[in-house]
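The values are calculated or read from the model by the stated rules, or taken from the named source; none is laboratory data. Just so it is clear, the model here is predicted, and its values are computed rather than measured. Here the Cβ positions follow ideal geometry from the backbone for every residue, glycine too, while neighbour counts run over all protein chains shown. The protein model used for the area step is the full one, side chains on, heavy atoms only, and it has no ligands, DNA or RNA in it. Shrake-Rupley method; radii C 1.70, N 1.55, O 1.52, S 1.80 Å.
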Amino acid sequence: MTAPRHDNPPVPAKGWRWCLANGHFMVALAVLVLTWAATAAVGWIVKMPVVWPAGVEVNPSYRLTSLPDELGGLFVKVSQDGVLGKKDGNPDGELIFSEKDLEALGYGNALDEKRYPDRCSGWYVSRIYENKQAADHDPYRYWRLDVCYYTGSRDQVPHVAEICLQAGGASVDKQGKASFDFPKLAEPWRKGVEVNRVQYSGPRGAGVDYYFFSCNGKPETDRLIVRAKMSFPTVRHNYFAKIQFSPLGATSSTVEADAAAAVFLNAAMPEVLKLLPTPDDIVRLDQAYTQQESKRP
């Protein structure tokens, strides 16, 4: 007996008809999409702060106090008053930001006030160091070092040299990059670390400013990339620190400035990195958070 012949076999459903015929599949897909969207939204909105490393000390005005007064056995924090200009009753080596400055930089907000007791607020340190081996009129005798730490937010990273210099009345002449090696440091900081170089003209002549970031423990130069990484949905715990430094003397030679910067950075960076969480610290925090969340009913 032969099978019955179908002159008009059924046509598979397409488009919206297929969706109606496979409603269970579409429901499952909708749940999956909504779950992904919710997870992404939570990751985008909720950012967890990163606690300061052991040994880091920050006062109630969000100024870090534990950076050593001596860097690499060569640079010493200036302890005199009036060495670099008018006397104000305070040593020139420690720059203390006013409440107005702190507000402009985003320190002391509601998040910082809440997180300070748990050692995971933002902080800053601004110092002037002197190379004791340099001649009196050496433009690279004095260096300013600023480290600014932000955590647990999606900060827009607006405070960079090329913007702040112009806001302060200087003229930005040229921007570029320099690359430095740090043989004494571990990866990813050991070799070929790029730093932004900003050449400018100001009241005291031509100068150069350098800056870069530690973004969750890894070097980065582009503030837009830092902003994107801090906002990415899969990033749970986040911090970034801007490391900015400059010679106080007038200089127009990038070759000389970069060479002097390499000496200063190799003295400063081992101490600076002690202030900042490492990539392994971020991994441990994420794992602990995931385990804690998995135990919730």
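As a test of understanding, state the convex hull volume per residue of the range 224-293 from its alpha carbons, in Å³.
118
Report, by chain and number, residues whose modeled amide H sits under 5 Å from the one on Glu94, excluding near sequence neighbours (fewer than 5 apart, same chain).
Amide H neighbours of Glu94, under 5 Å, 5+ apart: Ile128.
If we sort 134-143, 54-63, 85-94 on the protection proxy, mean other Cβ atoms within 10 Å, highest first, what's the order?
Final packing ranking: 134-143, 54-63, 85-94.
At a Cα cut-off below 30 Å, give the lysines reachable from Lys177, other chains included and same-chain residues fewer than 8 away excluded.
Excluding near neighbours in sequence, the set is Lys77, Lys132, Lys191, Lys218, Lys229, Lys242, Lys274.
Please report the net charge: other residues with Cβ closer than 12 Å to the Cβ of Gly249, K and R +1, D and E -1.
Overall, the nearby charge balance is -1.
Per residue of the range 62-67, what does 6.51 cos²θ - 1.76 cosθ + 1.60 with θ = phi - 60° give for ³J(HN,Hα)? Whole Hz please, x for Gly and Pro, Karplus curve as stated.
Calculated HN-Hα couplings, in order: 6, 9, 6, 10, 9, 6 Hz.
Compute the Cα gyration tensor for the range 45-88, then decide on rounded, prolate or oblate, letting a ≥ b ≥ c be the square roots of its eigenvalues: rounded whenever a/c is under 1.5, prolate when a/b is larger than b/c in the other cases, and oblate in all that remain.
Taking the square roots of the gyration eigenvalues as a ≥ b ≥ c, the range 45-88 is prolate.
Is the shape of the range 169-236 best called rounded, prolate or oblate, per the rule: a/c under 1.5 gives rounded, else a/b larger than b/c gives prolate, else oblate, with a ≥ b ≥ c the square roots of the Cα gyration tensor eigenvalues?
oblate
Computing the accessible area with a 1.4 Å probe over protein heavy atoms, can you report the carbon and sulfur percentage for the range 130-281?
Here carbon and sulfur together make up 51 percent of the probe-accessible area.
Quick one: what are the phi-derived ³J(HN,Hα) couplings along the range 253-265, Karplus 6.51/-1.76/1.60 with θ = phi - 60°, whole Hz, x for glycine and proline?
9, 5, 5, 5, 5, 5, 5, 5, 5, 4, 5, 5, 5
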